[in-house]
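The values are calculated or read from the model by the stated rules, or taken from the named source; none is laboratory data. The structure presented is a predicted model; accordingly, all values stated were derived computationally and were not measured. No Cβ is skipped: glycine too gets one built from the backbone with ideal geometry, and neighbour counts run over all protein chains shown. Ligands, DNA and RNA are excluded from the accessible area calculation, which covers all protein heavy atoms including side chains. Shrake-Rupley method; radii C 1.70, N 1.55, O 1.52, S 1.80 Å.
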Amino acid sequence: MIKTPAEIELMAKAGRLLASVFTHLDAMTLEGLSTLEINDRAEAFIVDELKARPASKGQYGYGFVLNSSRNQVVCHGVPSADEVLTDGDIVNLDITLEKDGFIADSSKTYLIGSVGPQARRLVRTTYEAMWKGIQAVRPGAKLGDIGFAIEKHARKAGYSVVRDYCGHGIGREMHEDPQVLHFGKAGTGATLREGMTFTIEPMLNQGVRTVRTEDDGWTVVTDDGKLSAQFEHTVAVTKDGVRVLTLRPDEKRAG
């Protein structure tokens, strides 16, 4: 779905607000907090300070404003008062926000306390892989170029890419066309055009790429119990490249 320049500016506004939510979380000491406490603090900031709507709450019957995916949880982790972040954890916080009718979607994997070198390497490589995918975006490129760039970087580091979940078009709706796979063959798939907006959100696993959903119907974990990490941005295809609509201030030189 092609967005007009005016619509992309509205999406950029939502993206800036969402970036500020992560800046707000960055200033907190997350160790010792439950994932439900983090959810509630994020909700208060979005609603009370930003005067925006947490777009995930109520979507598909989901009752929270974010997903909190810790350690072996790949995605869709449900905040809980019983899940307290402890030294050495990694946790992905996936948050969506709607303002003026348009939605932004982003996630970041946080290192809690003193995290071991293997976990740090996974998180760093996942962030790099996301940017490899973003750098492949430009008019005339193919969707497959994005997935190819991500998977190439992941495999070089010895990690697998989860194939069960993908990026997606976004705008007035949370999930629009196209689907953005995080694996694939260069030069294949739909052609990218100026005005397209979508998310790039690779999930990299230390071990096998296969996953399973737990009994709550939401929480997705690695099949082998090894760690998983994820990062996500909402992007727009521009006349001559790509614009990251959810870019955070600390990322101005990233990519």
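Here are some notes:
- Length available on full extension from Met28 to Thr188: 0.36 nm per residue minus the Cα-Cα distance, which gives 53.3 nm.
- Of the solvent-accessible surface of the range 136-190, computed with a 1.4 Å probe over protein heavy atoms with every protein chain present, carbon and sulfur atoms account for 50 percent.
- Listed by chain and number, the lysines whose alpha-carbon sits under 18 Å from that of Lys156, ignoring those within fewer than 8 places in the same chain, are Lys132, Lys185.
- Surface composition of the range 16-122: carbon plus sulfur atoms hold 48% of the accessible area, using a 1.4 angstrom probe and ignoring ligands, DNA and RNA.
- Over the chain, Cα pairs under 8 Å with separation of 6+ residues give a relative contact order of 23 percent.
- Cα-centred dipole magnitude for the range 163-255, charges only on beta-carbon of K, R (+1) and D, E (-1), debye, nearest 20: 520
- Three-way shape label, the chain, alpha-carbon gyration tensor, a/c 1.5: oblate
- You can think of it this way: the chain between Arg212 and Asp87 has 42.4 nm of extra reach, that is 0.36 nm per residue less the Cα-Cα gap.
- Shape call, the range 36-141: gyration tensor on alpha carbons, a/c limit 1.5: oblate
- Other residues lying with their Cβ under 14 Å from the Cβ of Thr29 contribute a combined charge of -4, Lys and Arg counting +1, Asp and Glu -1.
- Rounded to the nearest 20, the size of the Cβ-charge dipole of the range 83-173 about its Cα centre is 620 debye, with Lys and Arg at +1 and Asp and Glu at -1.
- Under 14 Å from the Met1 label point (7 Å along Cα→beta-carbon), backbone N, the range 175-209: 175-179, 196-199
- Membrane-span-like helices in the chain, defined here as complete DSSP H runs extending at least 15 Å along the helix axis by their C-alpha atoms with mean Kyte-Doolittle hydropathy no lower than -0.5, are 5-26, 143-156; this is a sequence and geometry rule, not a statement about a membrane.
- When the charge dipole of the range 25-91 is built from unit charges on Cβ atoms (+1 for Lys and Arg, -1 for Asp and Glu) and taken about the Cα centre, the candidate among Ala42, Gly63, Ile90 whose Cα reaches farthest toward its positive end is Gly63.
- The range 112-249 - percent relative contact order, Cα under 8 Å, separation 6 or more: 27
- Most positive-pole-ward Cα, Leu143, Gln118, Tyr165, against dipole of the chain from beta carbon charges: Leu143
- Taking the charge dipole of the range 187-231 about its Cα centre, with +1 at Lys and Arg Cβ atoms and -1 at Asp and Glu Cβ atoms, the residue from Gly207, Thr191, Ala229 reaching farthest to the positive side is Thr191.
- In the structure shown, the pairs Lys51/Lys142; Lys3/Lys152; Lys142/Lys239 are assessed against 27 Å; a Cα-Cα span above that value is assigned to Lys51/Lys142; Lys3/Lys152.
- Average Cα contact separation per residue, the range 1-77, under 8 Å, 6 or more apart, as relative contact order %: 17
- Per residue accessible area of the chain, 1.4 Å probe, in Å²: 43
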